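Let me begin by presenting the structure, written as C-alpha cells, before commenting on it.
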Amino acid sequence: MKVFISADIEGITTTTSFRECEYGHPDYPMHARQMTDEVLAAVEGARAAGADCFVVKDAHGTAMNIDPTRMPSGVKLLRNWGAHPYMMVEGVDESFDAAMFVGYHAAAGRPGNPMAHTLSSKHIHSITVNGEVASEFTLFGYACALEGVPSVFLSGDKTLCKDSADLHPKLVTCPVKESVGEMTINYSPEDTLKKIRELSEKALRQDLRDALPKLPKSFEVVVTFKKHYQAERAAWFPGVVIMSDHVVRYSSESFFEILRTTSWILS
C-alpha cells in the first residue's frame with residue numbers, strides 16, 4: 001500500500017502563534033520536532049495497517065521543517081516548493097492508495113485556532129468554494145480526489161476536524177488541540193502521538209473502494225483579500241472577475257483550473 005502524507009505545522013498539538021512556527025524563533029525547533037513526530041506517528045500507524053511505501057510533503061512555510069534524518073526506510077520526503085498547482089500535495093498522483101493530512105488547521109474566517117488561515121495569512125481574509133468556507137484541507141483533499149486518491153486521515157485542531165468530517169466518505173479525524181479566542185488548549189504530545197498512530201491505522205484498515213468523494217460538477221471560488229490592491233492585482237489573471245474592492249470571483253468545471261488560478265493569483 002502506497003500512502004501520500006501532507007504535513008503542516010499550525011495544526012500540530014504544540015503551536016499557538018505564527019511566530020513560533022517560523023525559523024529563527026527560539027521555540028521553533030521544538031515545534032519542528034513535534035511536526036516530525038506527528039508525521040512519524042502517522043507513518044507508524046499506516047505501517048501497522050499494511051502500508052509499505054510513503055511520500056511525505058513538507059507543506060509549511062519554507063517546506064523545510066521536517067527532520068529528513070529521522071525519516072525511516074520506505075519514506076521519501078519532499079522539501080521546498082516546486083511550481084505545480086497542487087501546492088501542498090504536490091507529488092500526489094494516481095499511484096497512491098490513500099492520502100493523509102497531518103497538522104492542518106482551521107480555515108480563514110473560522111474560529112478554533114488563532115492561526116486559522118487559508119493559503120496566505122498575510123493576504124487572504126477568506127476563501128469560499130461553492131459558497132462554503134474552504135480550508136487548505138478542502139482544497140487539497142479535492143486535489144487528491146482528482147487523482148483518484150481518497151483522503152482517509154486528518155489531524156489538526158478540533159474546529160477543522162469538525163468542519164471537514166463530511167467532506168470525504170471514509171475520513172477519520174484526529175483533533176489534537178482547540179482554542180478559545182487567542183488561547184489554545186494543547187493536548188498532551190504523548191497522548192496526541194498515541195492517538196495519531198491508532199487512528200491512522202484505523203483509517204487505512206477500512207475498505208477504501210468507496211472512499212472517494214463525489215466532486216461537484218462545477219466550482220465557483222470567491223476570494224476576499226485583506227487589501228484592495230491585492231484584489232486589483234488578482235483580477236488581471238484571465239477568468240478572475242473583481243466583485244468589489246476586496247473581492248474576486250472565478251469559476252470552472254475543472255477543479256485543476258481552479259487550483260491553477262489560485263496558485264497564480266497568490267504567487
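Brief remarks follow.
- Within the range 155-213, tally of residues that are open to solvent by less than 20 Å² (accessible area, probe 1.4 Å), closer than 14 Å to PHE137 by Cα and of a type in the set (A, V, I, L, M, F, W, C): 4
- Checked against (1) without any contact (Cβ under 8 Å) to a residue 12 or more places away in the chain; (2) small (Gly, Ala, Ser); (3) within 18 Å of LYS214 (Cα to Cα), GLY82 passes all but condition (3).
- Residue within the range 121-130 that is of a type in the set (Val, Ile, Thr), buried (at least 23 other Cβ atoms within 10 Å of the Cβ) and touching a helix residue (DSSP H, G or I) at 6+ places or on another chain (Cβ under 6 Å) present: no
- Listed by first and then second residue, the pairs with beta-carbon distance under 9 Å, at least 6 apart or on different chains, first residue in the range 168-179 and over 19 Å from PRO213 (Cα atoms), second assigned to a strand (DSSP E or B) and open to solvent by 10 Å² or more (accessible area, probe 1.4 Å), are VAL176/ASN186; LYS177/THR184; LYS177/ILE185; LYS177/ASN186; GLU178/THR184; GLU178/ILE185; GLU178/ASN186; SER179/ILE185.
- Among residues of the range 133-145 that are acidic (Asp, Glu), those with a Cβ under 8 angstrom from a residue that is open to solvent by less than 20 Å² (accessible area, probe 1.4 Å) and at pLDDT 95 or above, sequence gap 6+ or separate chain, pair up as GLU136/ASP8; GLU136/MET88; GLU136/TYR104; GLU136/HIS105; GLU136/ALA107; GLU136/THR118.
- Every condition in (1) acidic (Asp, Glu); (2) open to solvent by 50 Å² or more (accessible area, probe 1.4 Å); (3) touching a strand residue (DSSP E or B) at 6+ places or on another chain (Cβ under 7 Å) is met by GLU22 except one, and the failing one is (3).
- Flag for PRO72 being open to solvent by 40 Å² or more (accessible area, probe 1.4 Å), outside any loop (DSSP other than H, G, I, E, B) and of a type outside the set (D, E, K, R): no
- Candidates LEU77, LEU40 - the one that is more than 21 Å from MET115 (Cβ to Cβ) and touching a Pro at 6+ places or on another chain (Cβ under 7 Å): LEU77
The values are calculated or read from the model by the stated rules, or taken from the named source; none is laboratory data. Everything numeric here is computed off the predicted structure, so don't read it as measured data. FYI the Cβ positions are ideal-geometry reconstructions off the backbone, even for glycines, and counts take in every protein chain you see. Keep in mind that these areas ignore ligands, DNA and RNA; they rest on the heavy atoms of the full protein, side chains included. Shrake-Rupley method; radii C 1.70, N 1.55, O 1.52, S 1.80 Å.
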